[in-house]
Every structure is written in structure tokens, then in C-alpha cells.
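Peer 1: Right, I'll just put the structure down here and ask away after.
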Number of protein chains: 2
Amino acid sequence: MSAAKIGIIAGGGELPILMAEHCAASGRPYFVARISPFADVALEAHPGVSLGLGAMGARMDALRAAGCEAIVLIGQVPRVDPRTLELDAGAIAMLPALLEAAPQGDDALLRAVLGAHEKAGFRVIGAEAAMADLLAQPGAWGAHAPSDAHRQDIARAAKVAAATGALDIGQGVVVCDGLVLAVEAQEGTDLMLARVAELPERLRGVAQSRRGVLVKRPKPIQERRIDLPTIGVRTIEGAARAGLAGIAVEAGGALVARRAELIAAADAAGLLCLASPRPTWASPRARNERADFSCRGRSIWGCAGR
Amino acid sequence: MSAAKIGIIAGGGELPILMAEHCAASGRPYFVARISPFADVALEAHPGVSLGLGAMGARMDALRAAGCEAIVLIGQVPRVDPRTLELDAGAIAMLPALLEAAPQGDDALLRAVLGAHEKAGFRVIGAEAAMADLLAQPGAWGAHAPSDAHRQDIARAAKVAAATGALDIGQGVVVCDGLVLAVEAQEGTDLMLARVAELPERLRGVAQSRRGVLVKRPKPIQERRIDLPTIGVRTIEGAARAGLAGIAVEAGGALVARRAELIAAADAAGLLCLASPRPTWASPRARNERADFSCRGRSIWGCAGR
């Protein structure tokens, strides 16, 4: 990424936080235009401003005043009835283009919004390109390499995760010595790791003798994947407490928050951390589907809610 | 079952407890010969005696003295090195038959043990026949009947449970409005229900407006199924706390502990409780495999440990 200041127009969810933290960690100048009330409160720790969805004009003014040369739209914005929004002059000026695009679907609407920003003088960066640095790189990332036992558990967990993903259940699975210890559904990875830590010790590893792995992989669904699995320092800590030997994700199929910190934490705890190249998958992901970090499918105006 | 007093020769696990409680609840005279140290401590609340595995003679004497006309072997007994056992005279007398049967496998060994008991004058009841009363009966058991929404959640959960069972993960799945809230692996049903109760309320039901179901079904594996899913009052209580609308199992594919109590608890909490006839299954279960509640596969002498 160049050193030009980037304006992160932030919807809800975790991705804008990852983006902001990444800019901060890599020294890239940035400014976060938080869309109220969707943007996560964690973003308030970053330089920026909070404005309602309909304050398009004010948002562009703030981005310009902050010196943002480029912008990226990132995060989830649920479906809103436009009649409930307070539209400022900038939004009203956009309305004709938005109303024309809306019946054509979410993609058209998003393109219209981005087009309006380009017309206002901003360079638009695709969320995909912006987040590329956070994608999991293939290989073992830290000091620890996988043994044959690790590889077997990883293979089993990957297979189970593919099955649970195909059933639209969740992304995470923990396997120890071939036994599936836990399957993630709606509780989240942190709680799943916490319950593994509570299992009888004969079923799992312990700090002095680590066994088993956590695998997180994307669901193999045909739609654009908005929800790439994410791992961070908290994942390492949870896996360490659960006595696990390591964590494996899919190369290009996971986002890594605070990569340097994560690798240091894994090394210190004695955990391996790696990304495997994606195995043969039944869906045409390789060709047509790419990770989509934008609001696409959840576009800023009249989009499908979560 | 007839009213003749039955001697329950109890190995480890839950099944002997279910058997004993069922006899107590149905007024059938019984006596529990607990095999130390495998039998669950809960069995000490029942009339009986505790004796080591090698005390075959003493056990038969105790059963006879207690007036047991019939016996049933039930529960898990792990593999033991016979040289570590203290054998009494009765066990020593059995040795030739056992040593001849042992090389022929677990089934042969179990038959030899049962044969020795028949020779000693006891009528041997198969565990399957003895537990038949505890099998889940088809239909809705209590006051509450399933709605279409319930049926849809049940169907989804049953399908997911079939998939996770085929992967040898676990038996329980919770689904609410089509969303899989939780998948049981090694933590057990009670803990799974506890975590459902902790999920955000927008994802699940609440006491005043119950939504979602727990489905438990047997794993569709080819071996004899030792581990039929079990449900009891605690399952009802956990499901109630999780805001679920009900519980569904497979007719003939689950054991129901304290049936009358369970149905009363479900009715009181407003939960439906039902067993569905087994849908078409890929394995030949219908013909060749029956629920096996005995030690078969984990026979009393030299059997495969868990």
C-alpha cells in the first residue's frame, strides 16, 4: 500500500477494526469515518469521526479535511428504510444516482455510492485490495513446525470443518489425537476454546505436553464470502489455555489480526501457527469467488441485513 | 418383564443406573451386584453388593442369597489383565471355559461367562430385552405437540446430527429457526444446553416464547451401538433454561431415564418431547444391528477397554 492517507468508511463488525489496527501497526496514515450506529465502539480509539448513514456530505467533508486522498468502504451496514434517515445536502445530491441503481440490486447500489465518492474527488480502493495484507500467508509462521501427529489432527479437523461449513454451522473445529473435542457453532471461537480447556485432561493436551489443534476455515458456500475466519492474539491465548499444540488456517482463507504480536505470542506459548494452501474444493471458489470485504451484499443503501 | 427378582450385574457407565432406576420405578424386585471399581457410585443407593471382578463365586452366592432368579449383565468393563485379579473359588472353577473361549473373541468370552451363570442355576436375560422398556417410543409423549416451525427445526437438526454422527463427533444438535446454535462433541449435552442458554437472546427462544429444538440421535456407525443417546429430567431442565421449545429423539434410538418424571417436567415447562421413527439410513442398522446394552465388545474378561 502507498503512504497516502486512507479514509476508512466503517460499517459494523470486525473488519474495519482489523483494517484500522493494520494501518496503525504498519505506519500508514489513516482516518476512520464511523457510520453510526453500526461501527464497533472499538473504532473510537482510532482517529476519526462518527456520522449517521445519511450524512454523506458531512462525511466527505470530514474525509477531505482529514487529508484523505483515498477511501475504502468496509464493514456491515444493515438494511435501512431510507425514509428514516436524516439526509444532508450531500446525500440528497446523490439520491438520483442511488434511486436509479437500487432496483438493480445491492452491487449496483454500492457502485453508485462509490461512484459518488469518486466524483467528489476520492480515489476508491477496493476492500479486497486494502485487506490483502491481512490474509493468512502459506506456511508455518513462527518458530514451531508441525509434527506428523499435528498434521494428522489438522487433516481431520480440516475435513470436519469442511463438513460443518457446508452445513452452514461454523468455521472452527478442535481435534486432539483424532478425536473431535469441539465444534464451533454460534458461540464463537473464544468460548469454544474455553470449553476445550474444561474437558477432562485425558482427552486433551496440557501446557507441558501440548496436543491437538484448532482449525478455522471459510464455509464453502457459493455466495461471496463476507465472513473470512479471523485469528488474533486472543485465539492464541485461548488455544494455549486449552492445552492445544497449535492453530491452522487456510492460506488466503483467513484474516490475521496483529500478525507480529500473534506470532510472538504463539512462539512464547510453544504453539505452532500455520496456513495450509487450500485443498481441492468442490466449489468454484478458486476462479470466481474472491474474499469480499466490502459491504457488497450488505451495501450501504437498502442492503440485505444480517 | 415378569415380577421375578432380577440380579443386575453392573459394569461402568450409565446403563446400569437406568436399569436399576427403571426397576425401582416400575416396582420390579431387583438387586445390584456392582463390579468394583467400575460400577458408578450412584448404584450404591440401590439394594446390592460391591465385589471385585474376580469374585465370581461370591457374586453368585450374593445373588442367590438375595433371591435373584434371573440375571442380566449390563455396563462397561474395561480390559483387565487376569493375572492382576483376585480369583475366588467360583472364578477358578470357570477358568477352563473362559480360557477356551478367550482366543475366539469378546462375544465368545461373554457367552462363556453367561453360560457359567446358567450352569449355576440362573436364568440369563439379555441386556437388550431388559432395557427394551427404556427405549424411546414413537410419537409425542406429553401434552405439547410440534408445530410446523418445530418440525422444520427438528428436520434440520436431525440432518446435521446425522452428518456429525457420521463424522463420529457427537449425538446432539440444537437448531433454532433453521440456525444451528450448537453441536455437541466431547462436552456432553448438559454443557451444550448451558452454552445455548448463554447465547444472545436474538438467536434463541426464551421461557415466555420458546424456540428451537434439541435433537439427539445415535451415530450411524456400523459397529454395534453401545452408546444410545440418553435423555432424562436434567435434559429437560437444560433445554428449558436454554429457551428451547422441545426435544426430539429417534424412536427406538434413545433411552429415556425416569420416563414419567421426564414427561411431567416437560409438560410443566411447556416443552414438547417426541420420538420420530427412524428415517432412511445409509447403514444396514434396520436389519442386522440392534441396540446392544450388554458388555458385548467390552466383555467381562479381557475385553476392549473404552
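Peer 1: Output the number of residues of the range B:160-170 satisfying the condition of being open to solvent by 10 Å² or more (accessible area, probe 1.4 Å) and facing chain A (nearest Cβ under 8 Å).
Peer 2: Within the range B:160-170, residues that are open to solvent by 10 Å² or more (accessible area, probe 1.4 Å) and facing chain A (nearest Cβ under 8 Å) number 3.
Peer 1: Please tell me if B:ARG156 is more than 24 Å from B:ALA260 (Cα to Cα), buried (at least 19 other Cβ atoms within 10 Å of the Cβ), within 12 Å of another protein chain (Cβ to nearest Cβ) and out of contact with any Cys (no Cβ under 9 Å at 6 or more places or on another chain). Before you say what the answer is, go through the steps one by one.
Peer 2: On the way: more than 24 Å from B:ALA260 (Cα to Cα): yes; buried (at least 19 other Cβ atoms within 10 Å of the Cβ): yes; within 12 Å of another protein chain (Cβ to nearest Cβ): yes; out of contact with any Cys (no Cβ under 9 Å at 6 or more places or on another chain): yes.
Here the answer is yes, as B:ARG156 does meet what is asked.
Peer 1: Looking at (1) buried (at least 20 other Cβ atoms within 10 Å of the Cβ); (2) within 14 Å of another protein chain (Cβ to nearest Cβ), which is the only condition B:VAL113 fails?
Peer 2: Going through (1) buried (at least 20 other Cβ atoms within 10 Å of the Cβ); (2) within 14 Å of another protein chain (Cβ to nearest Cβ) one by one, B:VAL113 breaks only (2).
Peer 1: Among the listed residues A:VAL180, A:VAL249, identify the single one that is under 16 Å from A:ALA155 (Cα atoms), touching a residue at least 60 places away in the same chain (Cβ under 8 Å) and not polar (S, T, N, Q).
Peer 2: Details: A:VAL180 fails: touching a residue at least 60 places away in the same chain (Cβ under 8 Å).
Only one candidate passes the filter, namely A:VAL249.
Peer 1: Let me ask something else. Considering only the range B:82-119, state which residues are in contact with a Leu (Cβ under 7 Å, 6 or more places away or on another chain) and modelled with pLDDT under 85.
Peer 2: B:ALA102, B:LEU109
Peer 1: Also, I was wondering about something else. What strands (runs of 3 or more DSSP E), lying completely within the range B:1-107, carry at least 1 residues that are hydroxyl-bearing (Ser, Thr, Tyr)?
Peer 2: The qualifying strands (runs of 3 or more DSSP E) are B:30-36, B:48-52.
Peer 1: Continuing with the same structure: Within the group B:GLU201, B:GLU237, which residue is open to solvent by 20 Å² or more (accessible area, probe 1.4 Å), in the same structural domain as B:ARG151 (by TED's automatic domain parsing) and closer than 24 Å to B:ASP133 by Cα?
Peer 2: B:GLU237
Peer 1: B:ARG79 versus (1) modelled with pLDDT of 90 or more; (2) open to solvent by 40 Å² or more (accessible area, probe 1.4 Å): which is the lone unmet condition?
Peer 2: (1)
Peer 1: Quick check on the range B:171-186. Is at least one of its residues part of a helix (DSSP H, G or I) and either within 11 Å of another protein chain (Cβ to nearest Cβ) or within 19 Å of the chain's Cα centre (by Cα) (or both)?
Peer 2: no
Peer 1: Hey, another quick one. Go through the range B:157-170 and report how many residues are in contact (Cβ under 8 Å) with a residue 12 or more places away in the chain and not in a helix (DSSP H, G or I).
Peer 2: Going through the range B:157-170 one residue at a time, the tally reaches 3.
Peer 1: Right, next: Return the total of residues in the range A:262-293 being modelled with pLDDT under 50, more than 17 Å from the chain's Cα centre (by Cα) and among the small types (Gly, Ala, Ser).
Peer 2: So the count comes out to 3.
Peer 1: Further, regarding this structure: What number of residues in the range A:237-261 are modelled with pLDDT of 95 or more and within 14 Å of A:ALA143 (Cα to Cα)?
Peer 2: 3
Peer 1: For residues in the range B:187-219 being in a helix (DSSP H, G or I) and within 8 Å of chain A (Cβ to nearest Cβ), which is farthest from A:ARG156 (Cα to Cα)? Walk me through how you get there before you give the answer.
Peer 2: From the range B:187-219, those in a helix (DSSP H, G or I) are B:189-197, B:201-203; that's our starting set.
From what is left, the residues that are within 8 Å of chain A (Cβ to nearest Cβ) are B:191, B:195, B:203.
Values: B:LEU191: 24, B:ARG195: 25, B:LEU203: 29 Å.
For the range B:187-219, the residue satisfying everything is B:LEU203.
Peer 1: Could you list all residues from the range B:120-150 that are assigned to a loop (DSSP other than H, G, I, E, B), among the small types (Gly, Ala, Ser), surrounded by 14 or more Cβ atoms within 10 Å (Cβ to Cβ) and modelled with pLDDT of 90 or more?
Peer 2: Within the range B:120-150, the subset assigned to a loop (DSSP other than H, G, I, E, B) is B:120-122, B:125-126, B:136-138, B:141-147.
When the remaining residues are screened for being among the small types (Gly, Ala, Ser), the result is B:120-121, B:126, B:136, B:142-143, B:145, B:147.
The next check asks that each one be surrounded by 14 or more Cβ atoms within 10 Å (Cβ to Cβ); those that pass are B:120, B:126, B:136, B:142-143.
The answer is B:ALA120, B:ALA136, B:GLY142, B:ALA143.
Peer 1: Among (1) within 14 Å of chain A (Cβ to nearest Cβ); (2) part of a loop (DSSP other than H, G, I, E, B), where does B:GLY253 come up short?
Peer 2: (1)
Peer 1: Sticking with this structure for a sec: With respect to A:MET56, is the statement that it is surrounded by 23 or more Cβ atoms within 10 Å (Cβ to Cβ) and in contact with a strand residue (DSSP E or B) (Cβ under 8 Å, 6 or more places away or on another chain) true?
Peer 2: No, not satisfied.
The values are calculated or read from the model by the stated rules, or taken from the named source; none is laboratory data. Values in this document were obtained by computation on a predicted structure and should not be read as measured data. We place every Cβ from the backbone using ideal geometry, glycine too, and count neighbours over all the protein chains shown. Please note that ligands, DNA and RNA were not included when accessible areas were found on the heavy atoms of the full protein model with its side chains. Shrake-Rupley method; radii C 1.70, N 1.55, O 1.52, S 1.80 Å.
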